[in-house]
1. Which of the residues that make up the stretch 205-236 are open to solvent by less than 30 Å² (accessible area, probe 1.4 Å), within 30 Å of Ile99 (Cβ to Cβ) and not in a loop (DSSP other than H, G, I, E, B)?
2. Quick test for you: out of Ala72, Ala80, pick the one residue that is under 22 Å from Asn225 (Cβ atoms), within 16 Å of the ligand (Cβ to nearest atom) and among the small types (Gly, Ala, Ser).
3. Considering the stretch 168-193 alone, what residues qualify as being within 15 Å of the ligand (Cβ to nearest atom) and either open to solvent by 60 Å² or more (accessible area, probe 1.4 Å) or among the small types (Gly, Ala, Ser) (or both)?
4. Being surrounded by 15 or more Cβ atoms within 10 Å (Cβ to Cβ) and either closer than 23 Å to Asn30 by Cα or of a type in the set (A, V, I, L, M) (or both) is the requirement here; does Lys202 meet it?
5. From the list Ala133, Ala115, which residue is within 22 Å of Thr78 (Cβ to Cβ), more than 18 Å from the chain's Cα centre (by Cα) and among the aliphatic types (A, V, I, L, M)?
6. Looking only at the stretch 194-213, which residues are in contact with a strand residue (DSSP E or B) (Cβ under 6 Å, 6 or more places away or on another chain) and away from the ligand (no atom under 16 Å from the Cβ)?
7. Among the helices (runs of 4 or more DSSP H) contained in the stretch 29-119, which hold 2 or more residues that are under 29 Å from Ser2 (Cα atoms) and modelled with pLDDT of 95 or more?
8. Right, Thr31: without any contact (Cβ under 8 Å) to a residue 60 or more places away in the chain, more than 9 Å from the ligand (Cβ to nearest atom) and surrounded by fewer than 24 Cβ atoms within 10 Å (Cβ to Cβ) or not?
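The values are calculated or read from the model by the stated rules, or taken from the named source; none is laboratory data. A quick note: this is a predicted structure, and the numbers were derived from the prediction, not measured. Note that we place each Cβ from the backbone using ideal geometry, even for glycine, and neighbour counts take in every protein chain shown. In case anyone asks, the SASA skips ligands and DNA or RNA and just uses the protein heavy atoms, side chains included. Shrake-Rupley method; radii C 1.70, N 1.55, O 1.52, S 1.80 Å.
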Amino acid sequence: MSANPIGIFDSGIGGTSIWKEIKLLLPNENTLYLADSANAPYGLKGKEIITNLSIKNTEYLLQKDCKLIVVACNTATTNAIKLLREKYQVPFIGIEPAIKPAALNSKSKAIGVLATKGTLTSELFYTTTSLYASGLKVVEQIGEGLVELIEMGKIDSQEMTSLLKSYLKPMLDANIDYLVLGCTHYPYLIPLLKELIPNHIKIIDSGEAVARQTKAVLEKHDLLNSQTINTENQFFTNGNPEILKTILGSPYHVTYLDF
Ligand code: DGL
């Protein structure tokens, strides 16, 4: 069982930012990544649709004998992980915007959160924000259009720059000192974001924390892979395999799935 893969899913290619953190911390683990790009973006869909898509993704990963599932999508986590945990036996790891560290460390008492509509309007986001950031100004911004551009491979485009400039303006006006990236697609925007904001603003995401949590849960269930040879990383997408390959940055084999 411990040699079974860790299953990871996202609405598209963004969750590869989480896959990369997991591989960095757990290089011996076999992994299976599922990009539901044909249904991206999830962020504009309602809770019920997001939940149904998350169930479909989970069942695919379970069919492939995944020993643990990482919901590498803030939108799916904040809307569906509770139900997934109730419905299935396998351990789930989710991802949420890193409000807590940003709120605890902010000196200007103002933080920015860039995330999808689905995440920002979720109950879980509301609860976390009320719990950790009630004494702060939290500038929330829906990153409308960003996931779509990333899914098209247009990370360094003029359209991306103009969207980001307009989304950052209210945050800069509010004097934020932390920018929380609440969507797993957004870490790919960090080089561009750094050009658009002053140096003193820290950009944070939850990728490393998710990898640490994955390790802790595998340890707890005695599921860490003990075999160190022939590690396999499988990638499946119902979108364009070339775009997934490009974002992975290494020559991994990507399989198209009619899913
Ligand atoms: N990567 C997903 C997230 O973390 C993107 C959601 C979407 O498809 O809109 O929220």
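1. Residues satisfying the conditions are Gly207, Val210, Ala211, Thr214, Val217, Leu218.
2. Ala72
3. Of everything in the stretch 168-193, just one residue is within 15 Å of the ligand (Cβ to nearest atom) and either open to solvent by 60 Å² or more (accessible area, probe 1.4 Å) or among the small types (Gly, Ala, Ser) (or both), namely Gly182.
4. No: the conditions fail for Lys202.
5. Ala133
6. Of everything in the stretch 194-213, those that are in contact with a strand residue (DSSP E or B) (Cβ under 6 Å, 6 or more places away or on another chain) and away from the ligand (no atom under 16 Å from the Cβ) turn out to be Ile201, Lys202.
7. Answer list for the stretch 29-119: 47-63, 74-87.
8. Values: without any contact (Cβ under 8 Å) to a residue 60 or more places away in the chain: no; more than 9 Å from the ligand (Cβ to nearest atom): yes; surrounded by fewer than 24 Cβ atoms within 10 Å (Cβ to Cβ): yes.
No: the conditions fail for Thr31.
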